[in-house]
Amino acid sequence: MILFENISKIYKPDTVALKNVSFQINPNEFVSIVGKSGAGKTTLIKLLLREEPPTTGRIVYAGKNIAEIKNKDLPLFRQKIGCVFQDYRLLPHKTVFENVAYAMELMGATDDEILSDVPRLLEIVGLEDRAKHFPLGLSGGEKQRTAIARALAVRPEVIIADEPTGNLDPYHTRDIIKLLEKIYELGTTVILSTHDKVIINSLGRRVITLDNGEIIRDEEKGRFIL
Amino acid sequence: MFTFLRRVIRFGWHNFWRAGGLNIATVFVLIVTLTLITCLFISEGAVNHIMDQIKEKIDISVYMTPDTSDEEIELIKNKLVAMPEVQEVKIVSKEDAMNQFREKHQNDPVLLESLDIVGTNPFYASLDIKAKNPEQYAAILEVINSDSLKDVVYKVDYVEKKTVIEKLSGFITNVNTGGLALALALGVVAVLVAFNTIRVAIYDASKEISIMRLVGASNSFIRGPFIVQGIISGAIAALASFIILLLMTYFLAPKIESLTSGFNVFSWFISRAFGLFFLQLVSGIALGVISSLIAIRKYLTA
Ligand SMILES: Nc1ncnc2c1ncn2[C@@H]1O[C@H](COP(=O)(O)OP(=O)(O)OP(=O)(O)O)[C@@H](O)[C@H]1O
Ligand SMILES: [Mg+2]
């Protein structure tokens with residue numbers, strides 16, 4: 001469902017972030033993208049979300065070249081992809097409940113749907129007793145779980161998590177990874193970027209290894225070797 | 001569509017109250033701006049009032065030679081009243097003049113006594129003439145100074161008044177235009193500051209905007225709450241400014257009434273309260289919304 005064809009990305013003036021990258025991700029896969037800092041993981045995700053255009057190559061999502069999506073249809077495209085980031089990116093003036101509900105409101109969900117879905121999602125991520133809190137008062141793990149609940153709220157086909165555990169201690173890290181696995185088992189494609197060796201080795205799933213903007217390894221049941 | 005609007009309004013409302021500091025700054029700047037602009041209107045009102053007062057005070061007094069008969073004076077009066085430029089002509093007889101003098105100097109026994117000693121009435125009968133417009137006195141003077149009236153007119157009391165009045169009205173016009181220019185400049189500055197404050201407030205929200213975009217919010221879903229915030233800020237500022245002006249004019253009115261030759265700012269304000277509040281509300285909301293829109297534009301280009 002996701003196809004990268006000979007993708008290169010050069011940031012002006014001359015930073016080569018990705019070099020001739022090609023891979024395919026099928027529905028219902030759990031794929032990790034690993035690489036050192038600066039290897040190009042975030043860039044790859046930005047290209048997939050069309051936050052940045054590729055310098056060369058083609059990205060196909062659900063059979064469609066995403067470069068051809070019109071600007072006005074971009075929100076709709078992004079709504080179908082759930083995103084989780086290292087820095088959480090929660091709306092500071094909204095409560096946990098409202099942050100999750102926001103994603104649904106964007107899709108035009110009814111109030112009834114929101115009132116029944118959001119508590120259920122908060123339960124999945126284990127935040128039912130934090131619904132009325134603002135992000136500022138939450139721990140990193142709680143913030144990230146809120147972000148995951150928000151990503152799930154749109155019933156996405158894919159969840160993309162860019163170093164979701166980058167700011168978390170090992171305990172919370174395991175929490176989040178378990179949550180992502182649970183989401184995967186419920187039938188959602190998960191793309192996880194990380195440079196955490198422990199995570200990769202414990203997952204035992206497909207790993208794409210980037211180095212200096214190039215794919216140096218892409219294997220099922222991959223291990224963290226750099 | 002209704003759900004969309006309801007949500008946008010709720011988001012704007014929440015953001016306004018939860019974002020705190022910068023919204024307070026925005027409202028504060030808007031209050032200052034609106035108050036300043038409204039003061040401009042009030043001072044315009046005061047100046048107009050003073051001008052009217054001055055115009056009201058201009059008149060020509062024509063003193064008649066002592067041997068002019070009452071009939072003759074009446075005749076001249078009728079002739080003058082017939083002129084299209086003349087608003088009103090009042091006859092002040094010798095007796096009237098003396099009575100006025102006595103009244104005016106009733107606390108000055110020496111003067112009154114000397115008047116008694118003279119025995120006869122030393123005052124002249126006069127005609128007080130008012131023109132419809134201050135510019136029309138020239139035409140009236142021409143008639144008064146014409147040869148046919150030469151024998152009965154003893155003295156025309158306009159020239160002295162005229163210079164004083166002209167100086168004064170010239171001064172007031174200068175003050176008026178100068179004040180207007182100053183107020184206008186201040187108004188422009190205030191508007192710019194308001195724009196800038198709101199721009200900064202939204203710059204502060206730029207990260208939030210990028211998050212909204214990332215989770216797939218359409219432009220109108222992002223813009224909407226900011227417009228609502230602009231409306232709320234504008235409305236609150238208008239209300240606050242209105243109350244401030246109400247109190248200000250109430251307490252200031254008695255203190256400056258003599259300065260403004262009987263102009264009562266408070267009653268002036270009250271008599272126009274509805275229109276002024278409407279003006280403040282509209283300009284406050286317009287300022288808030290327009291500056292929000294301008295500020296947010298650059299964050300919405302996909
Ligand atoms: N907006 C940008 N403009 C210019 N260069 C950029 C930009 N974003 C990233 N780069 C460069 O592109 C390269 C890849 O960056 P990227 O953020 O994709 O790495 P990463 O693998 O996500 O690293 P990290 O693990 O630190 O997040 C780096 O050399 C980085 O400096
Ligand atoms: Mg990164």
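Of note:
- From A:13, A:119, residue being more than 14 Å from chain B (Cβ to nearest Cβ), within 16 Å of ligand 1 (Cβ to nearest atom) and not in a strand (DSSP E or B): A:13
- Qualifying positions in the stretch A:16-45 - of a type in the set (Val, Ile, Thr) and more than 7 Å from ligand 1 (Cβ to nearest atom): A:16, A:21, A:25, A:31, A:33, A:34, A:45
- Residues that are more than 16 Å from ligand 2 (Cβ to nearest atom) and closer than 19 Å to residue A:207 by Cβ, drawn from the stretch A:2-18: A:2, A:3, A:4, A:7
- Checked against (1) farther than 30 Å from residue B:250 by Cα; (2) assigned to a helix (DSSP H, G or I), residue B:37 passes all but condition (1).
- Condition check for residue A:163: under 16 Å from the mean Cα position of the chain (by Cα), among the acidic types (Asp, Glu) and at positive phi: yes
- The stretch A:180-204 - residue that is charged (D, E, K, R) and under 23 Å from residue A:124 (Cα atoms) and, of those, nearest to ligand 2 (Cβ to nearest atom): A:181
- Residues of the stretch B:64-120 satisfying the condition of being assigned to a loop (DSSP other than H, G, I, E, B), of a type in the set (S, T, N, Q) and surrounded by fewer than 15 Cβ atoms within 10 Å (Cβ to Cβ): B:65, B:69, B:106, B:107, B:120
- Among strands (runs of 3 or more DSSP E) entirely within the stretch A:148-226, having at least 2 residues that are surrounded by fewer than 20 Cβ atoms within 10 Å (Cβ to Cβ) and within 16 Å of ligand 1 (Cβ to nearest atom) singles out A:214-219.
- Filtering the stretch B:210-230 to residues that are surrounded by fewer than 19 Cβ atoms within 10 Å (Cβ to Cβ), modelled with pLDDT of 85 or more and aliphatic (A, V, I, L, M) leaves nothing.
- Among residues that are touching a Lys or Arg at 6+ places or on another chain (Cβ under 9 Å) and loosely packed, with under 13 Cβ neighbours inside 10 Å, residue B:56 is included.
- Flag for residue A:124 being more than 12 Å from chain B (Cβ to nearest Cβ), crowded, with 23+ Cβ neighbours inside 10 Å, under 17 Å from residue A:186 (Cβ atoms) and of a type in the set (A, V, I, L, M): no
- The stretch A:53-97, residues that are touching a residue at least 12 places away in the same chain (Cβ under 8 Å), at the interface with chain B (Cβ under 9 Å from one of its Cβ atoms) and in a helix (DSSP H, G or I): A:74, A:75, A:77, A:78, A:79
- Tallying residues that are part of a helix (DSSP H, G or I) and on the phi > 0 side of the Ramachandran plot within the stretch A:104-116 yields 0.
- Odd one out for residue A:29 among (1) closer than 17 Å to residue A:211 by Cβ; (2) within 20 Å of the chain's Cα centre (by Cα); (3) of a type outside the set (A, V, I, L, M): (1)
- Qualifying positions in the stretch A:24-65 - within 16 Å of ligand 2 (Cβ to nearest atom), surrounded by 13 or more Cβ atoms within 10 Å (Cβ to Cβ) and among the small types (Gly, Ala, Ser): A:32, A:35, A:38, A:39, A:40
The values are calculated or read from the model by the stated rules, or taken from the named source; none is laboratory data. Computed from a prediction, not measured in an experiment: that's the story for all the values here. With ideal geometry, Cβ positions are generated from the backbone for all residues, glycine too; neighbour counts draw on all protein chains shown.
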